[in-house]
Each structure stands twice: as C-alpha cells, then as structure tokens.
Amino acid sequence: MTDPSGQIDHVLAESRTFPPPPEFTAKAVFSTMDQYEAAYRRAAEDRDGFWRDEATEHLHWFEPFQEVCRWQAPNAEWFVGGKTNASYNCLDRNIDAGRGDRTAIVWEGEPGDTRSLTYSELRTEVAKCAAALRELGVGVGDVVSVYMPMTPELAVTMLACARIGAIHSVIFAGFSAESIADRNNDAGAKVIVTADGLHRRGKVLPLKETVDEALAKSPTVQKCLVLRRVGQDGVSMQEGRDVWWHELVDKQSGDLPAVPLDSETTLFILYTSGSTGKPKGIRHTTAGYNLWAKRTFQWVFDHRDEDVYWCTADCGWITGHSYIVYGPLSAGATCLMYEGAPNHPAEDRFWELVEKYKVSVLYTAPTAIRAFIKWGDEHVEKHDLTSLRLLGSVGEGINPEAWMWYHRKIGNERCPIVDTWWQTETGGIMMSPLPGITATKPGSCTRPLPGVFPKIVDESGQPVEANHGGMLCIAEPWPGMLRGIWGDEERFIEQYWSKVPGMYLTGDNARQDEDGYYWIMGRIDDVINVSGHRLSTIEVESALVSHELVCEAAVVGRPDDLKGQAIAAFVTVRGGEPDEALRKELQQHVRNQIGALAQPDDLRFAAALPKTRSGKIMRRLLRDIAAGHEVVGDTSTLEDYSVLAKLRDED
C-alpha cells in the first residue's frame with residue numbers, strides 16, 4: 001500500500017502468532033503482562049528510582065553511587081560516584097553467594113578436547129592472568145588487544161583486564177594483520193594477548209604469525225602474551241617482547257583482588273565496521289554496561305539455575321561480550337563455549353553438542369539457521385534435542401520462514417523463540433519477546449524492554465503513523481549505551497546524534513504494527529527508492545526466501561536512469577542448477593507477494609553471499625557489484641574472499 005507521501009510501507013503480511021506454553025509461563029521471570037507493564041511504566045515515570053533499585057540489588061558496590069543518571073545528550077553518566085568492578089560481579093559475588101562450586105564455563109574444542117571451570121576455579125585463573133598482565137606493565141586505563149581462539153583463556157583475559165581496570169579490545173581471531181595493526185594503533189594498545197594458533201575446520205590457523213606481522217606496524221605494543229593452544233613447533237618468540245602464557249600466568253598466586261573502579265571507567269573498546277568501511281571503536285563503561293548485560297540476560301533468557309546456556313557467537317563480537325561473558329557470568333549461569341565451526345567434522349556438530357551437554361537455552365544467528373536449513377533436516381534428526389526449552393536469534397532480522405523452521409525443527413513447537421534486536425552500540429538487548437508472556441510473531445522483535453523507549457520518525461524527525469516505516473531512534477538514555485567512539489568525539493556526534501536532535505539514531509528502519517510490535521526493516525541505507533516509492537530490502541528478501549527453493553537472499557539498490565534506483569537480488573538456492581525459468585519464477589513470486597514495484601530488475605544466482613565473520617551479509621559490497629563499481633572500503637571483516645571474486649567474475 002502507498003501512503004500520501006509516496007512511501008511504500010508494505011511488509012509481508014504475518015498474521016501467525018505463537019503464545020508461550022502455559023508450563024513455561026508458570027515458572028518464568030516475567031509470568032504476567034502486568035509485571036512487564038508495571039516495570040516498563042516505572043522506568044518511564046521514575047527512571048532514577050527504577051535503576052537505583054536495579055543497580056543496588058544486582059551489582060556489588062565497593063562505594064555507593066551518589067547520582068543515578070547524569071544526562072545531557074549525547075553524554076550520559078550512570079551511577080555517578082559509585083565504585084564497582086565487572087570481574088568482581090561476575091566471579092567474587094557469585095562465590096560469596098555460595099555458587100563457587102557451580103560450573104561457570106564448560107568448553108569443547110573443535111578436535112573434541114574439553115575443560116570445565118567452576119566459579120571458584122575461574123576466579124583463580126582470572127586473578128593469575130591479571131597478576132601476569134600487571135607484571136607486563138598493564139595498569140588502570142591501559143589498552144590490551146586480545147586476538148585469541150574461543151578457549152576459556154579468552155574469557156579469562158577479558159575478566160583479568162576488568163579486574164585491574166585495564167581496557168580490553170577483543171579482535172576476532174580471523175582478521176588480517178593489517179586489521180589488527182589498525183585497531184592496535186587506533187586504541188594505543190600497550191599489550192596484545194594471542195595464541196600460537198587455533199583449530200578451524202580441521203586446519204590449524206597460525207595466529208602468532210599474523211600477530212607478528214601486525215606488531216611490525218604497531219609501535220605502541222610493548223609486550224605479547226602467547227597461549228599455547230595447538231602446540232606447534234617453531235613458533236617465533238621475540239626476546240624481550242614475547243612471553244608464553246604457561247611460563248608467566250601459571251606461576252602467579254591466583255589471589256589478586258578486584259580493583260574498585262569508578263562506575264564510568266572504560267571497560268572495553270570494540271571495533272565495528274562503519275558505513276564508510278573505516279572501523280570505529282565503540283566505548284563501553286563499567287557499571288551501566290554490566291548491569292544492562294546482566295538484567296537483559298535474566299529477563300530475555302528467563303535464566304534458571306539449572307540451565308545450560310549456549311550462545312554460539314564468538315567473543316570477538318558484542319554478542320560474545322554481553323551474552324557469553326558479562327551477562328551470563330554476572331547472573332551465575334553455566335555457559336557452554338565451543339571453539340570450532342558448526343559444520344566440522346559434519347553438519348550435525350551443533351546438535352551433537354546440544355545433546356551431549358543437555359543445552360537448555362540456545363542463542364544463535366539467522367545466518368546459521370539458514371545454513372542448517374540448507375544442509376538438511378537429517379542432521380538435526382540424528383540427535384535428541386529435548387533438553388532445549390528456549391531458543392534465541394541474534395545478529396540480524398530473521399525471515400519468517402527461517403523462524404518457522406527453527407520453531408518446528410529445533411524447538412519441536414514447544415520452545416519460545418526470543419528474536420532479539422540490539423547493536424554493538426546499545427551494549428545489550430533492547431527489544432525482544434519476554435518468553436513467559438509474549439505471543440511471538442515470526443520476524444518481529446516484538447516490544448522494548450523496561451527502560452527502552454523507541455521512536456520511529458521520518459526524515460524531518462516527526463513521528464510516523466502505525467504500520468508506516470521510518471527511522472528507529474531511542475528517545476531516552478539507558479545504562480548499557482555507548483559512551484562514545486574511541487578518540488573520535490566528532491564522529492560519535494555526527495553519526496548517532498546529529499540527524500534527530502536529542503535522540504540516538506540507530507541507523508535502522510522499523511515500523512510498529514497495530515499490536516505495538518516492532519519490525520526491523522533493514523538499515524537506513526538499505527531502503528530502495530524506486531520511482532519515488534520507498535521499499536525496504538528486508539521485505540523483498542523475505543518474499544524471495546518464502547519460495548520453497550530459495551535458501552538465502554540479499555537485496556540492494558543500484559542506480560537506474562529511469563527509476564532512480566532499481567532492485568538487484570542475489571539468491572542462493574537449495575540443490576540443483578538454477579536456470580532462467582527459475583529466475584523468472586522468482587521475479588513473479590515477489591510480484592505476487594508484494595507488488596509490481598518490488599519485482600527485482602536483476603536477479604543473480606550465487607553459490608554463497610559475502611558475509612562478515614559474524615554472519616552478516618555485506619550489502620555494501622553487493623551494492624558496488626550491482627552498480628558495476630569497483631569494490632571499495634574495508635573488506636577485512638569478509639569471511640570468504642573467494643565469494644566476492646566469484647560474484648565479480650559473474651558480473
């Protein structure tokens with residue numbers, strides 16, 4: 001349908017709803033809608049009172065805070081004057097509460113090696129690592145780059161930095177030497193922690209070699225701490241700079257106490273790709289972020305003491321920070337960590353792990369879900385998944401058909417799905433079903449959490465009507481919000497706060513339906529203006545994926561002399577060789593689903609789509625290809641360069 005301004009706000013009609021099972025609701029953290037509405041209302045009407053109670057109950061304070069929130073957009077300070085420590089909240093607080101013997105991390109490496117650490121054992125390892133970092137000259141405010149495999153030592157290093165007031169900058173262990181050097185130099189890193197290598201799809205990737213190349217261009221880095229993970233011979237160790245983990249960390253006593261830190265002490269920097277291709281260092285601070293990660297984990301994942309929780313992300317991304325380390329561990333959860341790929345040695349590896357460890361809560365990405373669909377149901381059907389009680393989705397919008405497969409095949413139609421919307425910048429989940437009370441709709445992140453106040457506005461900053469898409473903003477501060485871009489205050493203001501004064505601009509388009517549910521419609525720059533009509537790329541992608549032969553689709557706009565922009569679609573299919581007949585069938589399918597304006601002008605078949613290592617489709621690169629331009633900007637996050645090369649060749 002078209003509104004008077006000529007904007008198309010059609011989203012595929014999704015009328016299916018799935019209420020939570022009564023037996024789930026009976027034990028849930030939020031078990032009635034009245035509870036949620038009372039919490040939401042209080043956070044709106046008495047922000048300071050609401051968050052004062054939350055922070056007092058759910059964090060440990062060495063010194064109490066004097067002021068809850070000091071806010072002058074875009075600058076926020078939370079729990080002003082208080083002193084706390086995120087490592088203490090994750091470890092010591094649980095031990096003090098009698099949970100020292102509870103398993104904190106259960107870990108499996110790709111080759112099948114395993115480890116398990118209780119909260120007491122994890123605190124000892126963290127304290128030893130913290131003491132070692134101090135011996136290497138690291139103090140409060142120093143930046144430590146971390147380039148490690150998904151082993152317990154990665155979480156240990158993060159918590160060790162937090163324990164002594166150092167700032168960690170985790171770099172996904174797959175980035176190039178150039179990308180590591182860029183991040184080291186931007187952050188002014190003093191020390192880097194890495195490993196000799198990691199296991200990935202049966203191969204060993206030599207991390208230390210990559211770090212050595214990066215350090216040749218990283219003048220601020222003085223020391224390199226190296227974990228022996230794969231045990232390869234011939235690892236180069238530079239005298240005076242490089243030191244083995246087992247020779248330094250293991251000799252420490254393990255009783256180093258956590259340092260009381262001001263609430264606004266920087267906890268970490270996390271680099272994320274910007275629209276220009278230049279990575280930006282998102283800065284998060286201690287108390288507000290810690291509280292947000294913990295409480296959103298407890299609310300959204302309905303945490304229970306007996307849960308075995310598995311977030312399949314890597315700690316190189318914000319999902320790993322918030323929902324592998326700081327959120328779950330602050331809540332006293334038992335977390336599964338896995339080092340390897342989901343399809344090694346076979347496509348059933350994830351389901352093998354769910355069965356083996358009796359995982360009850362699974363949090364994964366739509367990209368992974370679509371890959372599982374493509375690989376075939378037989379890999380799922382080999383395993384007993386009855387331990388699962390709750391499923392989650394993170395990373396990008398999940399199309400309704402993938403949601404339904406997840407619901408039926410993995411959840412057996414009995415596990416609620418929490419489809420979460422949030423960003424690196426927000427620190428934690430902002431909108432999500434609450435699994436005990438929310439009737440879910442496939443593809444919708446439903447409603448905001450307490451303390452989150454979304455607004456959807458048009459280009460002039462005015463509110464839009466229900467069911468009409470617009471720019472998604474957040475109108476009020478929240479504890480987990482970013483505190484800036486490291487070393488670039490001007491970019492922070494320009495990108496997030498200049499377009500809609502007084503509100504945080506998320507960069508996403510969204511609409512709100514008649515039930516008050518929110519639907520994310522893609523990035524602002526993923527809206528295509530066809531002959532004066534605005535179309536969200538996500539709706540065209542959802543139409544394509546609803547066809548039984550389509551596994552995955554990415555849609556972008558390209559310049560067109562007549563229409564202004566034309567629609568270009570990149571599609572992967574299930575089995576067989578696609579042909580011209582299927583191309584025409586899919587174009588007609590979109591026409592039938594949405595309308596003539598949405599029919600792709602170009603439809604290209606691809607064996608795979610270019611994705612970041614966190615699983616997001618790199619539409620920026622596809623826009624360049626569709627327009628016939630040379631690919632520009634940072635491609636360091638690209639997982640498989642051969643995908644890009646093949647798309648270029650077919651252009």
Revision key, fill the gap. Candidate cut points under trypsin sites (Lys or Arg not before Pro) in region 371-419, DSSP loop plus at most 16 other Cβ atoms within 10 Å of their own Cβ, are K382, R414
Exercise for review: Apply the Karplus parameterisation 6.51 cos²θ - 1.76 cosθ + 1.60, with θ equal to phi minus 60°, to every residue of region 325-331 and state each ³J(HN,Hα) to the nearest whole Hz, in sequence, with x for glycine and proline.
Suggested key: 9, 5, x, x, 5, 5, 8
Revision key, fill the gap. Under the helix-only model (-39500 (n - 2.57) for each DSSP H run of 4 or more, divided by the residues of the chain), the mean residue ellipticity at 222 nm, to 500 deg cm²/dmol, is -8000 deg cm²/dmol
Check your understanding: Which whole-number percent gives the relative contact order of region 465-624, counting Cα pairs below 8 Å spaced six or more residues apart?
Key -> 16
Exercise for review: Restricting to the chain, compute how many DSSP beta bridges are antiparallel as a %, nearest 5.
Suggested key: 60
Check your understanding: In region 37-121, which trypsin sites (Lys or Arg not before Pro) fall in coil by DSSP and have 16 or fewer other Cβ atoms within 10 Å?
Key -> R102
Exercise for review: State which entries of K382/K441; K358/K441; K190/K499; K409/K563 exceed 31 angstrom in Cα-Cα distance in the structure shown.
Suggested key: K190/K499; K409/K563
Check your understanding: What does the charge dipole of region 163-204 about its Cα centre add up to, to the nearest 20 debye, if the Cβ of each Lys and Arg holds +1 and the Cβ of each Asp and Glu holds -1?
Key -> 240
Review point. In sequence order, what are the phi-derived ³J(HN,Hα) couplings for region 507-521 according to the Karplus relation 6.51 cos²θ - 1.76 cosθ + 1.60 with θ = phi - 60°, rounded to whole Hz, with x for glycine and proline?
Key: x, 9, 8, 8, 9, 10, 8, 5, 8, x, 7, 9, 10, 7, 10
Practice item. Normalising by the residue count of region 102-158, find the relative contact order in percent from Cα pairs under 8 Å and 6+ residues apart. Key: 32
Exercise for review: Stick to Cα atoms and the Kirkwood definition of Rh, then tell me Rg/Rh for region 382-433.
Suggested key: 1.03
Check your understanding: Straight-line reach from K584: which aspartates and glutamates have a Cα under 20 Å away, not including same-chain ones fewer than 8 places off?
Key -> E539, E541, E548, E552, D601, D602, E650, D651
Study note, to complete from the structure: Using the Kirkwood formula on alpha carbons, the hydrodynamic radius of the chain in angstrom works out to 25.3
Study note, to complete from the structure: 1/(1 + (r/R0)^6) with r = Cβ-Cβ of E306 and R414, R0 = 22 Å, i.e. FRET efficiency to nearest 0.05, evaluates to 0.80
Study note, to complete from the structure: For region 395-400, in residue order, the Karplus 3J(HN,Hα) values (coefficients 6.51, -1.76, 1.60; θ = phi - 60°; whole Hz; Gly and Pro = x) are x, 6, x, 9, 6, x
Point to revise | Accessible area, probe 1.4 Å, largest first, for residues F24, F18 | key: F18, F24
Revision key, fill the gap. For the chain, longest principal axis from Cα atoms; helix 119-135 axis from its Cα atoms; angle between them, nearest 10 degrees, is 70
Practice item. Using a 1.4 angstrom probe, figure out how much accessible area the chain has per residue, in square angstrom, rounded to the nearest whole. Key: 37
Point to revise | Nearest-20 debye value, the chain charge dipole, Cβ charges on Lys, Arg, Asp, Glu | key: 580
Review point. Fully extended, how many nm does the chain gain between H344 and K499 (0.36 nm per residue separation, minus their Cα-Cα distance)?
Key: 51.2 nm
Check your understanding: Once the Cα gyration tensor of region 103-145 is found, what semi-axes does its equivalent ellipsoid get, as square roots of 5 times the eigenvalues, in whole Å, sorted largest first?
Key -> 26, 14, 8
Review point. Could you give the length gained on full extension between K251 and R102, defined as 0.36 nm per residue of separation minus the Cα-Cα distance, in nm?
Key: 51.1 nm
Point to revise | Between helix 641-650 and the chain: long-axis angle, C-alpha atoms, 0 to 90°, nearest 10 | key: 20
Study note, to complete from the structure: Taking a ≥ b ≥ c as the square roots of the eigenvalues of the Cα gyration tensor, with a/c under 1.5 meaning rounded and otherwise prolate when a/b exceeds b/c and oblate if not, region 334-489 is prolate
Review point. According to the square roots a ≥ b ≥ c of the eigenvalues of the Cα gyration tensor, what is the shape class of region 464-503, taking rounded for a/c under 1.5, prolate for a/b larger than b/c otherwise, and oblate for the remainder?
Key: prolate
Review point. Across the Cα atoms of region 274-335, what radius of gyration and what greatest pairwise Cα-Cα distance (Dmax) are found, in Å?
Key: 13.2, 45
Check your understanding: Counting other Cβ atoms within 10 Å, which GluC sites (Glu not before Pro) in region 472-577 have at most 11 and lie in a DSSP loop?
Key -> E514, E548
**Study point:** Nearest 10 degrees, 0 to 90: helix 286-300 Cα axis against the chain principal axis
**Key:** 60
Check your understanding: Separation between the E459 and L562 pseudo-spin-labels, each 7 Å from Cα along Cα→Cβ, expressed in nm?
Key -> 2.4
Point to revise | Chain lengthening between E213 and N185 when straightened (0.36 nm per residue, less Cα-Cα) | key: 8.7 nm
Revision key, fill the gap. So the FRET efficiency between M33 and L205, C-beta based with R0 = 51 Å and rounded to 0.05, is 0.55
Check your understanding: Shape of region 263-390 from its Cα gyration tensor (a ≥ b ≥ c, root eigenvalues): rounded if a/c is under 1.5, otherwise prolate when a/b > b/c, or oblate?
Key -> oblate
Point to revise | region 380-475, accessible surface, carbon-and-sulfur percent (1.4 angstrom probe) | key: 45
Review point. How high is the FRET efficiency from T220 to E23, r the C-beta distance, R0 60 Å, rounded to 0.05?
Key: 0.60
Check your understanding: S236 versus W375, label points 7 Å from Cα toward the beta carbon: distance in nm?
Key -> 3.6
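The values are calculated or read from the model by the stated rules, or taken from the named source; none is laboratory data. These numbers come from a predicted model, not from an experiment. Note that we place each Cβ from the backbone using ideal geometry, even for glycine, and neighbour counts take in every protein chain shown. Protein only, heavy atoms only, side chains kept; ligands, DNA and RNA dropped before computing areas. Shrake-Rupley method; radii C 1.70, N 1.55, O 1.52, S 1.80 Å.
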